[in-house]
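Q: Provided herewith is a single structure, encoded as structure tokens, for subsequent inquiry.
The values are calculated or read from the model by the stated rules, or taken from the named source; none is laboratory data. Quick caveat, the model's predicted, so the values are computed rather than measured. Glycine also receives a Cβ, built like all others from the backbone with ideal geometry; neighbour counts cover every protein chain displayed.
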Amino acid sequence: MTKTWKTNSAEETIQCGRDIGKALRPGARLGLVGDLGSGKTVLVKGIALGLGVRDRNEVRSPTFVILHVYDGKVPLHHVDLYRLEPNVDLTEIGLDDYLTDPEAIAVVEWADRVPNILAGSDVRIDLAITGETKREIRMNTGAR
Ligand SMILES: Nc1ncnc2c1ncn2[C@@H]1O[C@H](COP(=O)(O)OP(=O)(O)O)[C@@H](O)[C@H]1O
Ligand SMILES: [Mg+2]
């Protein structure tokens, strides 16, 4: 199933993420695909809020640390593959456990950098920049 949102501000994208987050079940993995600045991290902020993470400022790009873990009603594992080598061995660097935890939700920015991750995701979300403050967000469920 595909669902599309057109947002006109970061705040609207957060709201969109919030709605997505509320509907997620433990064990879900979401792959986010989109250029730099397309709103992946902003969307994750919304997803975290939808999962009951209290402090939205806690949600920042994990680009430099690869992984953040947030404590919501369901734990949220926020992964950013931007700085990893393409096709890196995820088991070797210890990321695999965070991506396959049945009791958490994993959201992966730049999921297309590691094809296996995208292939193993339940949900794929593509984000596109359509204007200075406009974004198109397309969610595909049942990708797997
Ligand atoms: N409609 C919108 N949705 C999301 N972000 C937007 C929107 N309009 C402007 N922005 C801005 O675009 C930037 C998106 O950044 P970020 O979420 O970090 O992108 P990414 O993680 O995809 O690289 C933020 O500075 C945000 O304020
Ligand atoms: Mg980001």
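Q: Of all residues in the stretch 82-129, count the ones that are of a type in the set (Ser, Thr, Tyr) and under 30 Å from Asn8 (Cβ atoms).
A: Of the residues in the stretch 82-129, 2 are of a type in the set (Ser, Thr, Tyr) and under 30 Å from Asn8 (Cβ atoms).
Q: Select, from Thr13, Thr41, the only residue that is within 20 Å of Val114 (Cα to Cα) and either without any contact (Cβ under 8 Å) to a residue 40 or more places away in the chain or not small (Gly, Ala, Ser) (or both).
A: After applying the criteria, what remains is Thr41.
Q: Separate question: Identify, from the list Ile66, Ile20, the residue that is under 12 Å from Trp110 (Cβ atoms), surrounded by 14 or more Cβ atoms within 10 Å (Cβ to Cβ) and either modelled with pLDDT of 90 or more or not charged (D, E, K, R) (or both).
A: From the options Ile66, Ile20, the qualifying one is Ile66.
Q: Filter the stretch 60-89 for residues that are over 18 Å from Val123 (Cα atoms) and within 10 Å of ligand 2 (Cβ to nearest atom) and give the result.
A: If the condition is that a residue be over 18 Å from Val123 (Cα atoms) and within 10 Å of ligand 2 (Cβ to nearest atom), then Arg60, Ser61, Pro62, Thr63, Tyr82 are the ones that fit.
Q: Output the number of the condition that Ile125 fails; it satisfies all remaining conditions of (1) farther than 25 Å from Gly52 by Cβ; (2) within 16 Å of ligand 2 (Cβ to nearest atom); (3) under 16 Å from the mean Cα position of the chain (by Cα).
A: Evaluating Ile125 over (1) farther than 25 Å from Gly52 by Cβ; (2) within 16 Å of ligand 2 (Cβ to nearest atom); (3) under 16 Å from the mean Cα position of the chain (by Cα) leaves (1) as the failure.
Q: Checking Arg25 against (1) within 16 Å of ligand 2 (Cβ to nearest atom); (2) part of a loop (DSSP other than H, G, I, E, B): exactly one of these is not met. Which one?
A: For Arg25, the failing item is (1).
Q: Those residues that are closer than 25 Å to Gly120 by Cβ, within 9 Å of ligand 1 (Cβ to nearest atom) and surrounded by fewer than 16 Cβ atoms within 10 Å (Cβ to Cβ), I need them from the stretch 23-45; list them, please.
A: Hits for the stretch 23-45 are Asp35, Leu36.
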